[in-house]
1. When the scattering of the stretch 1-60 is computed by the Debye formula from its Cα atoms alone, each counted once and equally, what is log10 I(q)/I(0) at q = 0.14 Å⁻¹?
2. What net charge is computed for the residues neighbouring LEU134, neighbours being all others with C-beta under 12 Å from the C-beta of LEU134, Lys and Arg scored +1, Asp and Glu -1?
3. Beta carbons within 10 angstrom, averaged per residue: use that to sort the peptides 87-95, 153-161, 10-18, highest first.
4. Could you give me D for the stretch 125-171, from Stokes-Einstein at 4 °C and 1.567 mPa s, where the hydrodynamic radius is the Kirkwood radius over C-alpha pairs? Units µm² s⁻¹, please.
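Please treat every number below as a calculation from the coordinates, not as lab data. Since the model is a prediction, treat every value here as computed from it, not as a measurement. Note: ideal-geometry Cβ built from the backbone for every residue, glycine included; neighbour counts use all protein chains shown.
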Amino acid sequence: MNTTLTALTTGFLASLGLIVAIGAQNAWVLRQSLRREHVALVVAICVACDVALMAAGTAGLSVLQDTAPWVLEVLRWGGVVYMLAFAATSLRSALKPLQGLVASEARPARSAALTTLAVTLLNPHVYLDTLVMLGTVTNSFGDLRWVAAAGAMGASAAWFSLVGLGARALSSTLDRPTTWRVIDGAVAVVMVAIAVRLAVG
């Protein structure tokens with residue numbers, strides 16, 4: 001039970017740490033939420049893309065575990081380096097001034113959908129984060145890899161739902177630079193913790 005909970009929690013935290021860092025995708029979802037424009041559509045696209053990529057990473061790396069286990073070892077240590085670098089980037093963001101998020105003109109649903117796909121799938125980091133990084137984290141749990149994957153997918157659904165559906169009520173807080181500095185600081189801590197787990201795992 002504890003192992004299952006650990007897998008679920010680690011997957012959730014690893015995913016959450018990667019997702020919540022301020023970037024084009026989060027800024028876009030927040031913008032749509034603050035303006036109440038096609039929020040459900042935007043959130044659904046973000047979550048669907050994450051779930052598909054996380055599943056692909058978990059399934060693909062599990063095949064490598066049987067055919068070329070050395071690749072997973074390389075990815076594991078690459079993941080440690082990446083997590084630490086990500087933590088350093090988040091820490092820098094937390095320590096420097098950040099401008100608030102400003103909404104622009106309204107868009108039709110088709111344009112909103114295409115923009116959401118663009119900020120999600122045209123970002124090269126999304127593939128490193130979901131296919132490689134989270135795939136490495138989930139596969140580190142062996143038979144419980146899909147439990148860890150479920151935690152990672154749940155984090156994506158929870159975060160985008162929170163930002164998309166709850167941002168309007170918290171607009172005065174979420175649009176403050178200080179809030180994102182606190183978030184980035186928390187992300188840095190989580191990333192270091194995950195890096196340590198991968199290193200000793």
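1. Each listed q corresponds, in turn, to -0.52.
2. For residues surrounding LEU134, the net value is -1.
3. Going from most to least packed, we get 10-18, 153-161, 87-95.
4. D, rounded to a whole number, is 110 µm²/s.
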